[in-house]
1. Return the residues of region 104-135 that are surrounded by fewer than 14 Cβ atoms within 10 Å (Cβ to Cβ) and assigned to a strand (DSSP E or B); say none if nothing qualifies.
2. Only one of N77, N129, N107 is free of Cβ contacts under 8 Å to residues at least 12 places away in the same chain and either out of contact with any Leu (no Cβ under 9 Å at 6 or more places or on another chain) or not aliphatic (A, V, I, L, M) (or both); which?
3. Restricting to region 27-66, name every residue that is part of a strand (DSSP E or B) and at pLDDT 85 or above.
4. Which residues, counting only those in region 92-103, are outside any loop (DSSP other than H, G, I, E, B) and more than 17 Å from P42 (Cβ to Cβ)?
5. Here are some residues: F89, F78. Which one is in a strand (DSSP E or B), at pLDDT 90 or above, surrounded by fewer than 18 Cβ atoms within 10 Å (Cβ to Cβ) and among the hydrophobic types (A, V, I, L, M, F, W, C)?
6. Six or more apart or on different chains, Cβ under 7 Å: which pairs go from a residue in region 80-95 that's in the same structural domain as K49 (by TED's automatic domain parsing) to one that's among the polar types (S, T, N, Q) and buried (at least 16 other Cβ atoms within 10 Å of the Cβ)? Could you list them?
Amino acid sequence: MKLDKVKVRGILAVAVILVFTITAIGLMSKKGSVVDMTHTLPMVVFKNKDKLWQVVTYDDEPVTAMIIEIYPKYSENFKKVYINYRSQFVFSDGSPILLNNEPLFWNRRGDIVDYNYNVISEGMVFYINGKGMKPRTAMTLQTLQLNLRSNVLKEKDKLRERQLQDIVERGDHD
């Protein structure tokens, strides 16, 4: 009888050690895979929830996505791509751009991701002049690009004004 209790305790001890070891290995492997926050953060977040921002390349070419309509007559069209207030890719009417029935987002690293943060190749979804987009093609928002350009011009104008002011103060003019 005592021998049976010793065997049971031994089996229980081995089972507990085995469970502990498996749990420890599992925790150690999860500890090494830290979630990269750049995958989860959106590229842009806007307060205005009603406005859409058009996505373009740095060469001002509009980024498009194909939309296929089956009913009443089969047709394929390229429509311009926009971003909504939470970095979701949408069409001009606000309808989401989908891949495998999942909406797509633009993350902080500039990747196109689905809900599970799987990175999607640009060429699978987006087109420029009817051709699949090349991987890692730089994209921006049209209105932001215009604002950035105007800010750069303003900075150049300020620099020129300072240079002229320095010339006038030094008396270097003829």
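1. Passing the criteria: V119, K131.
2. N77 is the lone residue from the list that is free of Cβ contacts under 8 Å to residues at least 12 places away in the same chain and either out of contact with any Leu (no Cβ under 9 Å at 6 or more places or on another chain) or not aliphatic (A, V, I, L, M) (or both).
3. W53, Q54, V55, V56, T57, P62, T64, A65, M66
4. L98, L99
5. Exactly one of F89, F78 is in a strand (DSSP E or B), at pLDDT 90 or above, surrounded by fewer than 18 Cβ atoms within 10 Å (Cβ to Cβ) and among the hydrophobic types (A, V, I, L, M, F, W, C), namely F78.
6. Every condition considered, the pairs that remain are K80/Q54; K80/T64; V81/T64; Y82/Q54; V90/N84; G94/N84.
Residue-by-condition table, conditions (1) aliphatic (A, V, I, L, M); (2) closer than 20 Å to D59 by Cα:
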position	(1), (2)
Y85	no, no
L98	yes, no
D111	no, yes
D114	no, no
I128	yes, yes
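The values are calculated or read from the model by the stated rules, or taken from the named source; none is laboratory data. The structure displayed is predicted, hence computed values, not measured ones. Virtual Cβ from ideal backbone geometry, glycine too; neighbours counted across all protein chains shown.
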